[in-house]
Amino acid sequence: MEQLDQVITLIALSMGVGWASGINLYAAILMLGLMSNMGHMALPPGLELLSDPMVLIAAGFMYCVEFFADKVPGVDTGWDTLHTFIRIPAGAVLAAGAMGEVNGAAMLAAGLVGGTMAATSHTLKAGSRVLINTSPEPVSNWLASLSEDVLVIAGLWTALSQPVFFLIALVVFILFAVWLLPRIWSGIKKIFRWFFPDKVSNQQASDPVLKIK
C-alpha cells in the first residue's frame with residue numbers, strides 16, 4: 001500500500017509540474033526549490049537541481065520579470081508567444097525528472113504526458129489572454145495574472161499533499177480544456193477578422209470553398 005501511495009505521489013508531482021510549467025514556469029520552479037530548501041519536501045533525484053541557489057536566483061529574477069510583463073495588455077501576449085518555446089519543453093523535462101530513479105521508458109512516458117499538459121495549460125493561458133486584451137481596461141489582466149500565480153501554487157501544493165484529489169482535478173481540467181479550446185480559437189479568429197478585414201476578404205475571394213461558406 002505504501003508503495004502504491006509513492007507511485008501515485010510521483011505521478012501527481014510529474015503531471016503537476018508539467019501542468020504548472022505551462023502557466024508559470026518560474027513560479028513552479030521557485031515553489032518546488034524553496035519548499036525543498038525549507039525542509040517541507042524531498043525532491044526526487046531528477047529535480048534536486050531546483051533547490052540549488054543559482055537556479056532559485058535565476059527563477060526568482062525571471063519570475064519578477066514575468067510578474068510585471070504578464071500584467072501589461074499586449075506585452076503579456078508577446079511574452080506568452082515567446083514562452084511557447086520555453087514552457088512546453090521545460091514542462092516535459094521537469095515531468096520526466098519528477099519520476100526520479102525509474103527506468104527510461106517511464107521517464108520518457110512522463111516527459112511526453114508532462115509536455116502535453118504544459119502545452120494544454122499554456123495554450124489555454126495564452127489564448128485566454130488574447131481575448132482578455134480586447135478589453136480596454138488593465139484590471140482584467142492583473143486579475144488573470146494573479147489568479148494564475150495562485151493557481152500554480154495551490155495546484156502544486158495539492159499535487160504534493162493530496163495527490164489523488166489533484167489527479168481527479170487534472171482529469172476535470174483536461175475535459176474543460178477540450179470544451180474550451182475550440183471556443184477560444186473561434187474568438188481569436190473573430191478578433192483576427194476584426195483587425196484584418198481586408199486580408200480575410202481577399203482570402204475568401206481567392207478560395208472558392210470559403211466563398212461558398
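The values are calculated or read from the model by the stated rules, or taken from the named source; none is laboratory data. Treat the numbers as computed from the prediction; the structure is a model and nothing was measured. Positions of Cβ are generated from backbone atoms using ideal geometry, with glycine treated the same way; all protein chains shown enter the neighbour counts. Ligands, DNA and RNA are excluded from the accessible area calculation, which covers all protein heavy atoms including side chains. Shrake-Rupley method; radii C 1.70, N 1.55, O 1.52, S 1.80 Å.
Ranked by accessible surface with a 1.4 Å probe, highest first, in what order do 107, 31, 38 come?
Correct descending sequence by accessible area is 38, 107, 31.
In a shell of Cβ-Cβ distance under 12 Å around residue 121, excluding residue 121 itself, what net charge do Lys and Arg (+1) and Asp and Glu (-1) give?
Net charge in that neighbourhood comes out at 0.
Relative to 2.2 N^0.38 Å, what does the C-alpha radius of gyration of region 32-124 come to as a ratio? Two decimals please.
Against the compact-globule rule of thumb, the ratio is 1.20.
Kindly state, as a whole number, the per residue volume in cubic angstrom of the convex hull around the alpha carbon atoms of region 1-155.
Hull volume over Cα atoms, normalised by residue count, gives 103 Å³.
Provide the convex hull volume over Cα atoms per residue for region 57-96, in Å³. Intermediate values should be presented prior to the final figure.
Values: hull volume 2.6 nm³, N = 40.
Roughly 65 Å³ of hull volume per residue.
What net charge is computed for the residues neighbouring residue 90, neighbours being all others with C-beta under 15 Å from the C-beta of residue 90, Lys and Arg scored +1, Asp and Glu -1?
Local charge sum for residue 90: 0.
Within region 1-106, list the GluC sites (Glu not before Pro) lying in a DSSP loop whose Cβ has at most 15 other Cβ atoms in a 10 Å radius.
In loop regions of region 1-106 (DSSP not H, G, I, E or B), the sparsely surrounded GluC sites (Glu not before Pro) are 101.
Equivalent ellipsoid semi-axes for region 1-75, as square roots of 5 times the alpha carbon gyration tensor eigenvalues: give them largest first, rounded to whole Å.
Numbers: eigenvalues 145, 49, 12 Å².
They are 27, 16, 8 Å, listed largest first.
Which of rounded, prolate or oblate describes region 71-128 when judged by the alpha-carbon gyration tensor and an a/c cut-off of 1.5? Write out the running numbers ahead of the final one.
Working: a/c = 3.96, a/b = 3.04, b/c = 1.30.
Since a/c reaches 1.5 and a/b is larger than b/c, the shape of region 71-128 is classed as prolate.
Report the accessible area of residue 11, computed with a 1.4 Å probe over the heavy atoms of all protein chains in place, in Å² rounded to the nearest 10.
70
Would you mind checking the radius of gyration and Dmax of region 126-181 based on alpha-carbon positions, in Å?
Looking at region 126-181, its Cα Rg and Dmax stand at 13.8, 41 Å.
State which helices in the chain qualify, where a helix is a whole DSSP H run, it must extend 18 Å or more along its own axis by its Cα atoms, and its mean Kyte-Doolittle hydropathy must be at least 0.5.
2-37, 53-69, 84-98, 104-132, 139-161, 163-195
Using alpha carbons only, how many angstrom separate the centre of region 131-191 from the centre of region 70-88?
What the calculation gives is 15 Å, centre to centre.
Normalised by the number of residues in the chain, what is the relative contact order in percent for Cα pairs under 8 Å and 6+ residues apart?
Once normalised by length, the contact order is 29 percent.
Give me the distance in nm between label points sitting 7 Å out from Cα along the Cα-to-Cβ direction at residue 6 and residue 61, one decimal.
Here the answer is 3.8 nm between the modelled labels.
Taking 7 Å along the Cα-to-C-beta vector as the label spot, tell me the residue 86-residue 42 distance in nanometres, rounded to one decimal.
Rounded to a tenth, the inter-label distance reads 3.3 nm.
Quick check: pseudo-label points 7 Å beyond the Cα along Cα→Cβ at residue 106 and residue 154, how many nm apart are they?
With each label point 7 Å from Cα toward Cβ, the separation is 3.2 nm.
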